[in-house]
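Undergrad: Take this structure, written in structure tokens, and hold onto it; I'll ask about it next.
The values are calculated or read from the model by the stated rules, or taken from the named source; none is laboratory data. Small disclaimer: the values here were computed from a predicted structure and weren't measured. Positions of Cβ are generated from backbone atoms using ideal geometry, with glycine treated the same way; all protein chains shown enter the neighbour counts. In case anyone asks, the SASA skips ligands and DNA or RNA and just uses the protein heavy atoms, side chains included. Shrake-Rupley method; radii C 1.70, N 1.55, O 1.52, S 1.80 Å.
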Amino acid sequence: FPNPFEEKLTYNYFLRKQLPVSAELYDMSGKVRIRILKNQVQSEGLYTGEIDAVTNGLAPGVYYLRFTFDTQVVINKIIRI
């Protein structure tokens, strides 16, 4: 949140048990723009992170935030204005 965002995007997720987690931000062409986590084993609990568009050089547009929790994949459409 917020979505759409201008400079910073905050994301949250909750794990019910220990799992390996991966997270990437993709652009519209399918290119990985930011690799947030790569197969990091995390304990049960609530996790929060932030993506800074300015620091990461993200132009305004549509992006996809992809989380992989063990074998489950969740994709969220993100818009930078």
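Undergrad: Starting from region 66-81, take each residue that is modelled with pLDDT of 95 or more and list its partners that are open to solvent by 70 Å² or more (accessible area, probe 1.4 Å) and of a type in the set (A, V, I, L, M), counting only C-beta distances under 6 angstrom and pairs at least six apart or across chains.
TA: Arg66/Ile75
Undergrad: Do the conditions hold for Phe14, that is, is it within 14 Å of the chain's Cα centre (by Cα), of a type in the set (Phe, Trp, Tyr), farther than 21 Å from Arg80 by Cα and exposed (fewer than 11 other Cβ atoms within 10 Å of the Cβ)?
TA: yes
Undergrad: Moving to a separate point now. Which of the residues belonging to region 48-71 are within 13 Å of Phe14 (Cβ to Cβ) and open to solvent by 60 Å² or more (accessible area, probe 1.4 Å)?
TA: Answer for region 48-71, where residues must be within 13 Å of Phe14 (Cβ to Cβ) and open to solvent by 60 Å² or more (accessible area, probe 1.4 Å): just Thr48.
Undergrad: Is it the case that some residue within region 25-32 is within 11 Å of the chain's Cα centre (by Cα), hydroxyl-bearing (Ser, Thr, Tyr) and open to solvent by less than 30 Å² (accessible area, probe 1.4 Å)?
TA: No.
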